[in-house]
Amino acid sequence: MPLELKINDRIAKVEVLQQDENLYHIKIDNKEYKLDVVKVEASVYSVIYKGNSINLEMIKGDTPNHYKVNTRTDHFQVEVIDPISRYKSSKATELKNTDQVIEAPMPGQIVKLHFSEGDIVQEGDTVVIVSAMKMESEYKAPISGIIKKVHVKEGDTVEGGAPLVEINPHE
């Protein structure tokens, strides 16, 4: 599952294609790399790429998923933007006309839909249950309103970020 890394002001899409112990085959922004990564002490990693070695010191930041990364000649602020973090930060994304959408935070399977199009929901009602990574998660209505559109049905497999249910606010 791809992650996004915010490195200073740049966002890079990173995906591990294959891992065999400390050997990694990764893709960064559609370019593939083969790396040898070894943890050499508590927060220090040695990365070998095409015969060149780079030591990285990763220091946890003040907030989750934030790091300060130091090399011998440079330093970077890095934020790991995983699907769950992206979902939490955009959980109540407003659409035009103040409609609200519930999105899948990561790939998963629709286990249960509690409402149909046209049903009235109250803020906090469980609208849909999604199974992802061997866990079931309940997604609740961010607002009170009427179910405008159900984009999925029980048993569907969805990608991260896929819209599941749209809600029109009460008028």
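Based on the alpha-carbon gyration tensor of the chain and its eigenvalue square roots a ≥ b ≥ c, which shape applies: rounded if a/c is under 1.5, prolate if not and a/b is larger than b/c, or oblate? In terms of gyration-tensor shape, prolate.
Other residues whose C-beta falls under 11 angstrom from the C-beta of Gly61 contribute a net charge of 0, scoring Lys and Arg +1 and Asp and Glu -1. Phi angles of region 14-28 translate, via the Karplus equation with coefficients 6.51, -1.76, 1.60 and θ = phi - 60°, into HN-Hα couplings of 10, 9, 7, 7, 7, 9, 10, 6, 9, 9, 10, 10, 10, 10, 10 Hz per residue; Gly and Pro are given as x.
Gain on full extension, evaluated as 0.36 nm per residue between Asn168 and Lys60 minus their Cα-Cα distance, stands at 34.8 nm.
Find out how many positive minus negative residues lie around Ser131, taking Lys and Arg as positive, Asp and Glu as negative, among other residues whose Cβ is under 15 Å from that of Ser131. Here the count lands on -2.
Calculated from DSSP H runs of 4 or more alone, at -39500 (n - 2.57) each and per residue, what is the 222 nm mean residue ellipticity of the chain, nearest 500? Show your work: numbers first, answer last.
Numbers: 1 runs with 7 residues, N = 171.
That calculation yields -1000 deg cm²/dmol at 222 nm.
Annotation for Asp156 and Asp9: the two label points, set 7 Å from Cα along the Cα-Cβ direction, are 3.9 nm apart.
Placing pseudo-labels 7 Å out from each Cα toward the beta carbon at Leu35 and Arg72 gives an inter-label distance of 1.8 nm. Of the residues Ser46, Ser53, the one with the fewest other Cβ atoms within 10 Å heads the list, and the complete ranking is Ser53, Ser46. Taken along the Cα-to-beta-carbon direction at a fixed 7 Å, the label points for Tyr49 and Met135 span 3.1 nm.
Here, each number is a calculation from the coordinates, and none is a lab measurement. Not measured: the values here are computed from a predicted model. Cβ sites come from the backbone with ideal geometry, for glycine too, and all protein chains shown count toward neighbours.
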